[in-house]
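**Q** Sharing a structure, written as structure tokens. Questions coming.
Every number in this text was worked out from the coordinates using simple rules, so none of it is lab data. Values in this document were obtained by computation on a predicted structure and should not be read as measured data. Cβ: placed from backbone, ideal geometry, glycine included. Neighbour counts: every protein chain shown.
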Amino acid sequence: MRPLYKQLASIALAGAVLTALPELASATPVAAFGSFGFTPLGTVATSNGNVNPGTTSVTFPSSLVINTIDSTYLGNPTNLVLSIGEAVTLNPSMIDIGALNVITPINYTVTVGTYTFNYSDYETTVLQTGTIGLLFNGTFTDSSGALEAGSSDLSLALTQTASGATINGSFSVDTPLSQPVGAPEPASLALLGVGLLGFGMVRRHLAN
């Protein structure tokens, strides 16, 4: 039977390989994480010309552009490759306003560059005079293959200072991570611990 220190040394080697594999696999593609905002250029129209509980739909102009990009997200640098002023496409351009706090199915797409955000449902979180808020849930994909597919959420805020006044619309997109960047999995940590123990025993044996 092989001595214990040799068995642990073998486990150490396997552990080192298995610990390195996730890093190698994540070289391309990597998990997407970031947050950015975009806004319409032109008139935002609602079903009743106002923003209030009687509003049943909103229609956006064809021109929308990115106006904010967060440099960090969830404590890590944003890795979405975007630029201020970059064009954003909505499909469809009209969105129905659902009942307050009710999750409503939808097929809604936001496209910017190689990134596509598909939203399958939304919830009306605010529905009052002067302010309407919607929260969409869905997925993210990157046609370039540089970033992994993942989850995404979209926030929409409609505001109006007074009845008949200009209606403002603003969007915010997040691509949250399921696990913090660089955080090793528990199994990898366990293998690393056993590996260190094995190397320590080998050094002690050689010294004796």
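**Q** If the chain between Val65 and Ala165 were fully stretched, how many nm would it gain, using 0.36 nm times the residue separation less the Cα-Cα distance? Walk me through the intermediate numbers first.
**A** Numbers: separation 100, 0.36 × 100 = 36.00 nm, distance 2.23 nm.
Gain on extension, Val65 to Ala165, equals 33.8 nm.
**Q** Could I ask something else about it? Under 11 Å from the 7 Å Cα→Cβ point of Asn52, by amide nitrogen: which residues of segment 94-131?
**A** Flagged as within label range: 129-130.
**Q** Size of segment 28-175 along its principal axes in angstrom, Cα-based, largest extent first?
**A** 50, 30, 27
**Q** While we're looking at this one, here's another question. Can you list the HN-Hα couplings for segment 157-170, worked out from phi with the Karplus curve (6.51, -1.76, 1.60; θ = phi - 60°), rounded to whole Hz and with x for Gly and Pro?
**A** These are the phi-based 3J(HN,Hα) values: 10, 10, 9, 8, 6, 7, 4, x, 6, 4, 9, 9, x, 9 Hz.
**Q** Label Glu123 and Thr89 with points 7 Å out from Cα along Cα→Cβ: what is the distance between them in nm?
**A** About 3.1 nm separates the two model spin labels.
**Q** Label-point separation (nm) for Ser172 and Thr104, each offset 7 Å from Cα along Cα-to-Cβ?
**A** So the two model labels end up 2.2 nm from each other.
**Q** By the scheme Lys and Arg +1, Asp and Glu -1, what is the net charge of all other residues having a beta-carbon under 15 Å from that of Asp153? All intermediate terms of the calculation are to be shown ahead of the outcome.
**A** On the way: positive: none; negative: Asp70, Asp121, Glu123, Asp174.
In short, -4.
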